[in-house]
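Note sheet for the following structure.
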Amino acid sequence: MELEKLKEKIKQCRLCAERFGFTPHPVTFGKTNSKIMHISQAPSKNVHLTLRSFNDASGERLKYQWYQITDEEFYNEDNFYITSVGHCYPGKNKSGKDNPPSKNCRDLWLKKELELVKCKLYVIVGSYAAKYLFPNEDFATLVFKDNVLNGKKALVLPHPSPLNMKWFMDHPEFEKRRIVEIRKIIKDVLKE
Ligand code: SF4
């Protein structure tokens, strides 16, 4: 199945509607030869409402502080294919935290996107996405090294959410050193 047809099917998917208790809004963006395939956890409430990926506090940190790129560069299909383990905002639990991404979604849709997108680099954001793609590896170890997925370089980042403060406090080298290396790899690929 070609990618555009797959994206249409994803956008029409309502499989989790009953469990969510609201109408799902699947979000995916990009084309077959986008340079970077960007795989994260699941859309936030704000992304659910606007259908624009990383249009929230996490996105501001990711785009402007970590990658140091503009929205024009990030929301450019030549540059990024933007998807996630769960393509829809999954609602919140009783304590107000976002629910984990839908497990149906990764095998149903992400697996096929991974087959069809011919990127140069993978950027994997957050432990849910890392666990799916590298099930047997320690998350922090993945973050601090260059990994390989489908024969291509794969960078793993912690989730940029303000709720992830403990991880950043426990791993100060990420923002001091590792993100500088990651930024350079991303910028080099975008220049190609
Ligand atoms: S999370 Fe995935 S499987 Fe569930 S409704 Fe959205 S697109 Fe469909």
task = Search the stretch 89-130 for residues being more than 16 Å from the ligand (Cβ to nearest atom) and within 19 Å of Arg52 (Cβ to Cβ), and hand back the single one that is nearest to the chain's Cα centre (by Cα).
result = Val125
key: Within the stretch 128-138, tally of residues that are without any contact (Cβ under 8 Å) to a residue 60 or more places away in the chain and either of a type outside the set (Phe, Trp, Tyr) or closer than 13 Å to Ser84 by Cβ (or both)   = 7
ask   = Within the stretch 139-154, is even one residue polar (S, T, N, Q), surrounded by fewer than 21 Cβ atoms within 10 Å (Cβ to Cβ) and in contact (Cβ under 8 Å) with a residue 60 or more places away in the chain?
value = no
message = Given the criterion surrounded by fewer than 15 Cβ atoms within 10 Å (Cβ to Cβ), within 17 Å of the chain's Cα centre (by Cα) and not charged (D, E, K, R), identify the matching residue among Gln12, Gln65.
response = Gln65
query = When Asp138 is evaluated against the numbered criteria (1) more than 23 Å from Thr32 (Cα to Cα); (2) of a type in the set (D, E, K, R); (3) modelled with pLDDT under 95, which criterion, by number, is the only one it fails?
reply = (3)
Helices (runs of 4 or more DSSP H) enclosed by the stretch 1-112 - at least 1 residues per element that are polar (S, T, N, Q) and closer than 27 Å to Lys153 by Cα = 57-60
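The values are calculated or read from the model by the stated rules, or taken from the named source; none is laboratory data. Everything quoted here is computed from the prediction, not taken from an experiment. Please note: Cβ atoms are built from the backbone with ideal geometry, for glycine as well, and neighbour counts cover all protein chains shown.
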